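Trainee: Before we start, here is the structure in question, set down as structure tokens.
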Amino acid sequence: MKVSIITVVFNNEKTILDSILSVQNQTYKNIEHIIIDGGSTDNTIKIIKNNIKSNCIFISEKDDGLYDAMNKGIRIAKGNIIGILNSDDIYNDNNIIEYIANKFILDTEVKILHGDLVYVKKDDTNFKIRFWNSKNISTNYFENGHVPPHPTLFITNDVYSKVGLFDLNYKLAADYEFILRLFKKHNFKSVYIPKLIVRMRLGGVTNKSYLNIFIQNQEIIKAWKQNGLKVPFLFLLRRFIIKIKQYF
């Protein structure tokens, strides 16, 4: 069973090598690593070219942003399973992909798998700041403010042909809208594994300013309405409380 890992990058010379090595050091070897670069102007492209192996597909060209680049990667992915590892992120250990692939192999009805994520310091991936416990998907999971962390999601290739790709009308919450569409409008068999899958460095685009946080929240509300779903009472407050709890 082949696993496609998609990494999107733009001018991230400081951490792209960590992400590349995190994939290359996996014990599971049937991995296709797709790296989509948005036309970096720093040393990112040089680092990638100097460190990729034969199992890597590398594309560097201008795009319409993060989600457009992700869509490019998904379209060309040949793996039975597709995961997305951001250029700031690393897998928690070298056995993660083998563990995940075996879950799909043992139960061929599983279409989606997700787990836990930890936010770490930019300069120290062992320093934990915030722990995102993904939890099992229950009836009111999304209504209560939960959402599985996108970097921990592994989805079978055929699901994308039924659900679609990321909606580029969303600038900061296209991943949330996709996940909401994936779970609320379809009934694929999904499995939560209580295991730390990804270490994510703090400092994403959304958290760079209060304006971006506001825009993301507005897009999240839009995602519910666009998918014909009623926005839950005190929904944003519930999301905020969950995030605060992740620090403790």
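Nothing in this text is a laboratory measurement; each read-out follows from the coordinates by a stated rule. No experiment lies behind these values; they were computed from the predicted model shown. A quick note on method: Cβ atoms are made from the backbone with ideal geometry, for glycine too, and the neighbour counts reach across all protein chains shown.
Trainee: Suppose each label sits 7 Å from its Cα in the direction of the beta carbon; what would the residue 107-residue 133 distance come out to in nanometres?
Mentor: It is 2.1 nm.
Trainee: Sticking with this structure for a sec: Which of 33, 186, 150, 114 has the fewest other C-beta atoms within 10 Å, and how do the rest follow up to the most?
Mentor: Numbers: 33 23, 186 13, 150 19, 114 26.
Final ranking by Cβ density, sparse to dense: 186, 150, 33, 114.
Trainee: Compute the distribution of all C-alpha to C-alpha distances in the chain, in bins of 10 Å from 0, and list the percent of pairs in each, rounded to whole numbers.
Mentor: Taking all Cα pairs of the chain, the binned fractions are 7, 32, 40, 20, 2, 0 percent.
Trainee: Okay, moving on. How far is it, in nm, from the label point at residue 214 to the one at residue 157 when both lie 7 Å from their Cα along the line to the Cβ?
Mentor: Result: 4.4 nm between the two label points.
Trainee: Quote the charge dipole size of the chain about the Cα centre in Debye, to the nearest 20; the model charges only the Cβ of Lys and Arg (+1) and of Asp and Glu (-1).
Mentor: Dipole size: approximately 600 debye.
Trainee: Measure up 103/185; 53/243; 78/243; 14/184 against 31 Å on the Cα-Cα distance and list the ones that go over.
Mentor: Beyond 31 Å: 53/243; 78/243; 14/184.
Trainee: Per residue of the chain, what 222 nm ellipticity follows from adding -39500 (n - 2.57) for every DSSP H run with n ≥ 4, rounded to the nearest 500?
Mentor: Calculated mean residue ellipticity at 222 nm is -10500 deg cm²/dmol.
Trainee: Additional query: Using Cα pairs closer than 8 Å and at least 6 residues apart in sequence, work out the relative contact order for the range 3-245, in percent.
Mentor: Once normalised by length, the contact order is 21 percent.
Trainee: On full extension of the chain, what length is gained from residue 80 through residue 2, given 0.36 nm per residue of separation minus the C-alpha to C-alpha distance? Kindly include the intermediate steps, with their values, before the conclusion.
Mentor: Numbers: separation 78, 0.36 × 78 = 28.08 nm, distance 0.54 nm.
Answer, rounded to one decimal: 27.5 nm.
Trainee: For the chain, modelled as a Gaussian network with Cα springs under 10 Å, which listed residue fluctuates most, 42, 116, 167?
Mentor: Result: 42 has the largest fluctuation of those listed.
Trainee: Where in the range 146-160 is the amide nitrogen less than 19 Å from a point lying 7 Å along the Cα-to-Cβ axis of residue 30?
Mentor: Zone members listed by number: 154-159.
Trainee: If the convex hull of the alpha-carbon atoms of the range 69-177 is projected onto planes in all directions, what is the mean projected area in square nanometres?
Mentor: 8.2 nm²
Trainee: Calculate, in nm to one decimal, what residue 193 and residue 64 gain on full extension: separation in residues at 0.36 nm each, minus their alpha carbon distance.
Mentor: 43.1 nm
Trainee: While we're on this one: Taking the chain as a Gaussian network, where each spring joins two C-alpha atoms under 10 Å apart, which residue of 187, 80, 25 fluctuates the most?
Mentor: Judging by the Gaussian network model, the answer is 187.
Trainee: Right, next: Test of understanding: ordering 132, 224 by Cβ neighbours within 10 Å, fewest first, what list do you get?
Mentor: With the fewest neighbours first, 132, 224 line up as 224, 132.
Trainee: Roughly what percent of Cα-Cα pairs across the range 19-65 reach past 16 Å?
Mentor: 40 percent
Trainee: Please work out whether the range 10-147 counts as rounded, prolate or oblate from its C-alpha gyration tensor, where a ≥ b ≥ c are the square roots of the eigenvalues and a/c under 1.5 means rounded, while otherwise a/b larger than b/c means prolate and anything else oblate?
Mentor: Prolate shape, in that a/c is at least 1.5 and a/b is the bigger ratio.
Trainee: Estimate the FRET efficiency between residue 93 and residue 14 by the formula 1/(1 + (r/R0)^6), using the beta-carbon distance for r and 30 Å for R0, to the nearest 0.05.
Mentor: 0.85
Trainee: Also, I was wondering about something else. Longest span of the chain, sites excluded, free of GluC sites (Glu not before Pro) in DSSP loop with at most 13 other C-beta atoms within 10 Å?
Mentor: 110-248
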